[in-house]
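Here the structure comes first, spelled out in structure tokens, and everything after it is commentary.
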Ligand code: PLP
């Protein structure tokens, strides 16, 4: 079997950036718990403080607003569960969009089933953006909402959500807004203060840092109820010895992503369009999800009629191209894409969805490899399925 050579699954996890790997090792080799008062501890604390300052600066926040976590899932849970628990006595309502990642939507369902939260799942339009009129009507009718969680950019389509408008609607009704920016942070500028959000999640391994580090940005006035109890690190919001090496790597990865963002966005958009055009030419009836909206530059979600995602992905992988079907965070199980269904797609469209996500290591050669294979792979998959 040929070894996979074109990695078009950056949204699942990005290759480690050399700067981030070096930073990780540099700090991990040093001894010291950042909470200890001796020289070793103070040394570790210095690395952690520097990472916190840099992450804050790169994302338009203050250092005190950066709460390091183990990743995006933990940051989302802190904001959604913690935000709801902190305000639910007076405001039992919670709103999440229909296209949220499971880290948000499953948490909201759990709050409803186990803790009596009044959950409203805000629908999206057929192009994948939250329906603002519906959201506004809901907020007018229900004064008891504590938190709204709507992602910055979708993990399947890359569609950007109207965060500014959502924050405006919410602030009229005194509601806090959290946004999952796990997919967005590597690809577009994030200005936490400018956004008006109460909280925002990021994840290291989507940016090129190792797995095991992420952060929740939380305004000073927002103190989510912690779900872990212990040594009161991270403003008492997230107990546990902080991963200083991971934090340093996250800062390095983010620095490198932000430095190259403008040129990278243009380059990735060009490559993505080539892929998109070639898929359309091979199967004119294929449907590209979210193309009417502003999208992250490297995301492409497409349904190819008459195929099943797993069959196409398997053939591509055998030939050396790695892609995915919808969300990659479902324990390896390929089901119907929840995002396609939420956008009004059919079961058939949801089961034939393919996600190609490009990132900083993607080259023209990677795209050429995919372009060469796709027509034959689609033809075979359609013939086998017919
Ligand atoms: N949120 C979004 C939008 C994601 O795409 C992912 C992972 O795919 C997560 C959250 C979870 O992040 P992590 O893998 O760091 O827990």
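Between residue 347 and residue 364, residue separation times 0.36 nm minus the direct Cα-Cα distance comes to 2.8 nm.
Potential lengthening of the chain between residue 115 and residue 221 amounts to 35.7 nm, from the contour at 0.36 nm per residue minus the alpha-carbon distance. Between residue 385 and residue 228, the distance separating the two model label sites (each 7 Å from Cα on the Cα→Cβ line) works out to 4.1 nm. Taking a quarter of the surface of the Cα convex hull of region 86-163 gives a mean projected area of 5.1 nm². Compute the angle between helix 39-58 and the longest alpha-carbon principal axis of the chain, please, reported from 0 to 90 degrees and rounded to the nearest 10. Result, in degrees: 50. On C-alpha positions alone, give me the angle between the axis of helix 364-385 and the longest principal axis of the chain, in degrees, nearest 10. So the inclination is approximately 60 degrees. Per residue, the chain reaches -12500 deg cm²/dmol at 222 nm when only DSSP H runs of four or more residues are counted, each adding -39500 (n - 2.57). Shape of the chain from its Cα gyration tensor (a ≥ b ≥ c, root eigenvalues): rounded if a/c is under 1.5, otherwise prolate when a/b > b/c, or oblate? Since a/c reaches 1.5 but b/c is at least a/b, the shape of the chain is classed as oblate.
Once the C-beta distance of residue 282 and residue 106 is scaled by a Förster radius of 30 Å, the resulting FRET efficiency is 0.25 to the nearest 0.05. To the nearest ten degrees, helix 309-318 and the longest principal axis of the Cα atoms of the chain are 80 degrees apart. For region 22-75 versus region 217-233, the spacing of their alpha-carbon centroids is 16 Å.
The GNM of the chain, with springs linking C-alpha atoms under 10 angstrom apart, assigns the highest mean-square fluctuation among 80, 167, 150 to 167.
Taking every C-alpha pair closer than 8 Å and separated by at least 6 residues, the mean separation divided by the residue count of the chain gives a relative contact order of 24 percent.
Sorted on the mean count of surrounding Cβ atoms within 10 Å across their residues, most packed first, peptides 6-18, 228-240 read 6-18, 228-240. Relative protection proxy for 341-347, 33-39, from highest mean packing down: 341-347, 33-39 (other beta-carbon atoms within 10 angstrom).
Throughout, read-outs are computed from the coordinates displayed, never taken from laboratory work. Fair warning: this is a prediction, and the values are worked out from it, not measured in the lab. Don't worry about glycine lacking a Cβ; one is built from the backbone with ideal geometry, like all the others, and counts go over all protein chains shown.
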